[in-house]
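Visitor: Sharing a structure below in structure tokens format, with a few things to ask.
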Amino acid sequence: MKMTHEELLAIIETHRADSLGVEDGELSNERAIALDRYHGRPYGNEMEGRSAVVSKDLSEAVDWVMPAIMRIFTQSGTIAEFGPVSQEDEPQAEIETDYVNQVIMKDNDGWIALHDAIKDTLLLKNGYVKHYWEVTEKIEELKYAGMVAEEVQKLMQDLQQDGCEVEIKGQNEGLIQTPQGPVPTFDLELKIKRKKAKCNVEAVPCEEIRVSRKCRGSLQTSPFTEHVTRKTRSDLIEMGMDREFVDQLPAYQTDPKYGSQSLSRDSVSDESNYTGGSSVNDRSMDEVEYCESYIRVDWDGDGVAELRKVVSVGNQIPDGDEWNEPVPAVAMTGFVAKRIPHRHVGESLHDELGDLQEIKTTLQRQMLDNIYLVNNSQTAVNERVNLADFMTSIPGGLKRIEGIDPVAGAFQSIVTPSIGADIMPMIGYIDQVKESRTGISKASAGLDPDTLSNVTKGAYMENMQRASQKVEMITRLIAETGVKELVLQVHSILRRYQDKQRIVRMKGKYIPVDPQQWRERTDLTVKVGLGTGTEEQRQQKLMAVSQMQRDMLGPLGLVGPKEGFALFADIAKAMGFDSPDKFAMNPDSPEYQQKMQQPQQPPLPLQIEQMKQQADAQKFQGRRKASKQSQNEIPS
């Protein structure tokens, strides 16, 4: 027996209350604290008149490592590539690789989505990217004047080919005089509705995500995943919900305890929204709670739970199958930087640096308080002094003391010993522990001149590689848990929903792409640039392979045009050129095949030798002909 909406909402509410990321839960509170530490906000134990400085070790670590990770993923222009299943599949796998990467990085703000998800992962244990197919409508009202019949026909044909719905709201006819006679003209007022479909890729704040506690890794295996956000009444009507249904929904009201993590994310208080979702002057802009749940549930009563996407607004499910439908996959991917085996929630840099940042903050405050006391020492006085003079410190100021007795007996400075020499080594030790825990340091970033001046290049490179191993591990986990699944999901979305061929410019060529003809792919390599060293090292290795091809394999006949071009293409890509076809002809290209079918010209030295031989032959024939003519002219 099929469930009712009320029964389904009750199941969703049960999952939601027991999920990871629920507001005011332990995970949400830890994330709020991590954001406070990143922004350098006070701890709450500050004392009036004492130093309140906050060390920003977490912010430094995250901001140091982010450029390196982003460069690794994006420097080649291809974040992942599909592996072919056969030799004949290689060109198609390359086209699918290029198109999927273009959809993520160019059709969407892919760089920003990756940046936000990775930064959330480093700070808040998990980062999330949402990927879904969206069809939007754009309505335009345009006026055309003085059009002849052929122009009107051409306009209508173009709009029809683009899939537009056209409504003629006004039409006037007229005549213009031409040398051929009067010609009718038309003035049109059109209402044009255009539909635009695309695969959207966007980062989602982790405070908006709820995940079942039973999830052991990927969100695709989670019994319950939910995206909780807010939308205006206008947005809901544009999405296709009935206006009467939307008007009766309650506006979102801010709970005093709600949004602690969201508020911690705001860098300034001006960004915070404390007024809730109600708009006094414009009801259409009232915000309503919008929940998009992906839940495995036996909705149809056949005894088997299926994955369904259920949309609820204001704790109500709208009428219509599009708000409660079966789906093949969860439309979100979770990123993890430090994975805990068999758990969805990972570890963040805050888990490693939180205690060190607090210790370093305490040491810095004590050192600054000591410096303040050293520079503004306390003074012991008796009744002979003028307290107002001693309470005010003015360079070159006067201190009044009563009586004619020596002034030395009226006051005495209380000397505060400096503790900077004792605290600085402790701060240095905390920095060493921080580098040991994270692998993030000036040396690993290549910015420590002392390291470069005191060690050889080999030792320096060895230290850099050892220090960067943790960063490489973080990058690899982000690639395997997040980027790989993201690319596979986008590939699947394009295969499922893009039903029109698209002409796309990729690597300098315009190529028709039709995802309906693609095959399902699971062989995916994420290009994170690990295991092959830096770009300079990669270029050196490729040049070494080039020399081996020339010296070892070439004389044996084991290197042909295809192998030579493949090496050239890898070298060009390592140098940052994504289109090696610009500089050399691909042996698999039609141009090369056509050239090979043409008669081959001999090398230039051989051509010159042949020309000399032909010239000598012509000279010989000329002398021989002249000799015969002279013999014929001798009288008998």
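Visitor: Placing +1 at every Lys and Arg Cβ and -1 at every Asp and Glu Cβ, with all other atoms neutral, what dipole size does region 463-518 have around its Cα centre, in debye to the nearest 20?
Guide: The dipole of region 463-518 has a size of about 220 debye.
Visitor: If each of ASP235 and ARG437 carries a label point 7 Å out from its Cα toward its Cβ, how far apart are those two points in nm?
Guide: Output for this residue pair reads 3.7 nm.
Visitor: Kindly state, to the nearest 0.05, the FRET efficiency for GLN248 paired with ASP282, given R0 = 22 Å and r defined as their beta-carbon distance.
Guide: Plugging the Cβ-Cβ distance into 1/(1 + (r/R0)^6) gives 0.80.
Visitor: Another question, if that's okay. Using only alpha-carbon positions, what ratio does the radius of gyration of region 326-416 give when scaled by 2.2 N^0.38 Å?
Guide: Normalised by 2.2 N^0.38 Å, the Cα Rg of region 326-416 equals 2.42.
Visitor: Another one. How high is the FRET efficiency from ARG496 to ILE139, r the C-beta distance, R0 25 Å, rounded to 0.05? Don't skip to the answer; put the middle values down first.
Guide: On the way: r = 27 Å, r/R0 = 1.08.
E(calc), rounded to 0.05, equals 0.40.
Visitor: Tell me, what HN-Hα J-couplings in whole Hz come from the Karplus equation 6.51 cos²θ - 1.76 cosθ + 1.60 at θ = phi - 60° for each residue of region 379-394, using x for Gly and Pro?
Guide: These are the phi-based 3J(HN,Hα) values: 10, 8, 10, 10, 6, 7, 8, 8, 4, 4, 5, 7, 7, 10, 9, 10 Hz.
Visitor: I've got another one for you. Given a 1.4 Å probe and the protein chains all in place, what does the accessible area of TYR497 round to, in Å² to the nearest 10?
Guide: 100
Visitor: Continuing with the same structure: Over region 56-151, average the accessible area per residue using a 1.4 Å probe and give it in Å², no decimals.
Guide: Result: 45 Å² of accessible area for each residue.
Visitor: How long is region 27-121 along each principal axis, judged by its Cα atoms, biggest number first, in Å?
Guide: Result, largest extent first: 75, 25, 23 Å.
Visitor: Okay, next question. For region 335-430, with only Lys/Arg (+1) and Asp/Glu (-1) charged at the beta-carbon, what is the dipole magnitude about the Cα centre, in debye rounded to 20?
Guide: 260
Visitor: How far apart, in nanometres, would the label points at GLU151 and LYS399 be if each is projected 7 angstrom from Cα along the Cα-to-Cβ direction?
Guide: In this crude spin-label approximation the distance works out to 9.4 nm.
Visitor: For region 51-191, what's the relative contact order in percent, using C-alpha pairs closer than 8 Å and at least 6 residues apart?
Guide: The value is 17 percent.
Visitor: Tell me the volume per residue, in Å³, of the convex hull enclosing the alpha carbons of region 72-226.
Guide: Value for region 72-226: 221 Å³ per residue.
The values are calculated or read from the model by the stated rules, or taken from the named source; none is laboratory data. Fair warning: this is a prediction, and the values are worked out from it, not measured in the lab. All Cβ positions, glycine included, derive from the backbone under ideal geometry; neighbour counts span all protein chains shown. Ligands, DNA and RNA are stripped out before the accessible areas are found, and what is left, the full protein with its side chains, is counted by its heavy atoms. Shrake-Rupley method; radii C 1.70, N 1.55, O 1.52, S 1.80 Å.
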